[in-house]
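Read the structure below first, then the notes.
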Amino acid sequence: MTAPEAESLRVRPAPRRRSGWRTQAPVVAVVAAGGAIGAVARYALALALPTAAGGFPWATFWTNVSGCAVIGAFLVLITEGLPAHRLVRPFFGTGVLGGFTTFSTYAVDIQRLVDHGRPATGLGYLAATLCAALAAVWCAATVTRGALTRRQR
């Protein structure tokens, strides 16, 4: 057997694979950074639109509706429009917008309205937020898709 043949038969170790954590660390980092930015923006909006005890929680309502609209536009842009770096979606979609929108506060707001003797307002808030948020996603996605289509002509 020649030396090149013997070399080709030698067992070589498999290439080293990166650990799961090492490949996920950048994603976790950008989600955390984006979440911090989104949470600060949500807090700023809550300070700008304070809610009186038992009052309609406009800050949470507009946070969730506007955040849903941005999600609709953003997802159309990165899935149908512009090529994006692999960390853009986790940073902006999951991090910033996930930190900005606040459906947990929405649930607490409903409970507070009920606790303050305003169950009809709580039910109206529940329905209005759900309908407005879904409409915002749909409208923003539709408008963005239309703009991309016109741009590609």
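Electrostatic tally near Ala53: other residues with Cβ closer than 14 Å to its Cβ, Lys and Arg +1, Asp and Glu -1, net 0.
Rounded to whole numbers, the Karplus 3J(HN,Hα) couplings from phi for the range 78-84 are 7, 9, 10, x, 8, x, 10 Hz, using 6.51 cos²θ - 1.76 cosθ + 1.60 with θ = phi - 60°, and x at Gly and Pro. With the highest mean first, a sort of the peptides 58-64, 32-38 on other beta-carbon atoms found within 10 angstrom per residue produces 58-64, 32-38. Hydrophobic, long helices, defined as DSSP H runs whose alpha-carbon span along the helix axis is 20 Å or greater and whose mean Kyte-Doolittle value is at least 0.5, occur in the chain at 20-48, 58-76, 119-152.
Tell me which label goes with the value of P(r) over Cα pairs in 10 Å bins from 0, in percent computed from the coordinates here: (i) 9, 23, 15, 9, 9, 12, 13, 8, 3, 0; (ii) 10, 27, 25, 16, 9, 5, 4, 3, 1, 0; (iii) 9, 19, 9, 7, 12, 11, 8, 11, 10, 4, 0. Given (i) 9, 23, 15, 9, 9, 12, 13, 8, 3, 0; (ii) 10, 27, 25, 16, 9, 5, 4, 3, 1, 0; (iii) 9, 19, 9, 7, 12, 11, 8, 11, 10, 4, 0, the structure-derived one carries the label (ii).
Just so you know, all these numbers are worked out from the coordinates, no wet-lab data involved. Bear in mind that the values here come from a model prediction, so they are computed numbers and not experimental data. Note: ideal-geometry Cβ built from the backbone for every residue, glycine included; neighbour counts use all protein chains shown.
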